[in-house]
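Written below as structure tokens is the structure these notes are about.
Readers should treat all values here as calculations from the given coordinates under stated rules, not as data from a laboratory. All values reported here derive from a predicted model rather than from experimental measurement. Glycine also receives a Cβ, built like all others from the backbone with ideal geometry; neighbour counts cover every protein chain displayed.
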Amino acid sequence: QVQFVESGGGLVQPGGSLNLSCAASGFTDYYYTLGWFRQAPGKEREGVSCISSSDGTINYGDSVKGRVITSLDKSKKTVYLQLDSLLPGDTAVYYCATYFGCWTDFEDYIDKWGQGTEVTVSS
């Protein structure tokens, strides 16, 4: 069973940066895709990022593109997310997830996800 240990959420200031990490476990696949999606109350689920262990392919959601960086530590199966220039609209629960692949439309291919970490962007 896939498990996720997510950390880094909390209260952050507008214009600041968010740094999340997620250690995944419970699967033995050599090739896998890890990433993040987010959801705020009353809003649609949004794909944030994905990164593939096979070739390092990365894709980002349109809502965060240009402000986001993700990376993967294969030895730890840990995915990192940095989101800069935070906006109040970035407030959401951020979920670490496995995806079926890191395609451009990766948000449509969510497999499993963790409990999520709440991020509030407010001064």
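So for the chain, what percent of the C-alpha to C-alpha distances run longer than 20 Å? Roughly 34 percent, rounded to a whole number. Zone of SER7 (label point 7 Å along Cα→Cβ, backbone N under 16 Å): which residues in segment 51-87? Answer for segment 51-87: 73, 76-82.
For the chain, a Gaussian network of Cα nodes joined below 10 Å ranks SER25, SER71, SER52 by mean-square fluctuation, and the top entry is SER25.
I'd like the GluC sites (Glu not before Pro) in segment 23-123 restricted to DSSP loop residues with at most 12 other Cβ atoms within 10 Å, sorted by number.
Details: sites: GLU44, GLU46, GLU107, GLU118; in loops: GLU44.
When the GluC sites (Glu not before Pro) of segment 23-123 are filtered for loop state and at most 12 Cβ neighbours within 10 Å, GLU44 remain.
When the trypsin sites (Lys or Arg not before Pro) in segment 1-96 are filtered for DSSP coil states and for at most 15 other beta-carbon atoms within 10 Å of their beta-carbon, the remaining sites are LYS43, ARG45, LYS65, LYS74, LYS76.
Exposed loop sites here are chymotrypsin sites (Phe, Trp or Tyr not before Pro) in DSSP loop states with at most 12 other C-beta atoms within 10 Å. What is the longest stretch of the chain lacking them? It would help to have the intermediate numbers written out before the result.
On the way: sites that count: TYR30, TYR31.
In short, 32-123.
Cα centroids of segment 98-123 and segment 1-38: 8 Å apart. The shape of segment 20-61 can be summarised by an equivalent ellipsoid whose semi-axes, obtained from the alpha carbon gyration tensor, come to 23, 13, 8 Å from longest to shortest. Within the listed set LEU20, LEU87, LEU34, the residue fluctuating most in the Gaussian network model of the chain (springs between alpha-carbon atoms under 10 angstrom) is LEU87. If you place +1 on the Cβ of every Lys and Arg and -1 on the Cβ of every Asp and Glu, how big does the dipole about the Cα centre of segment 1-78 come out, in debye to the nearest 20? My answer is approximately 140 debye.
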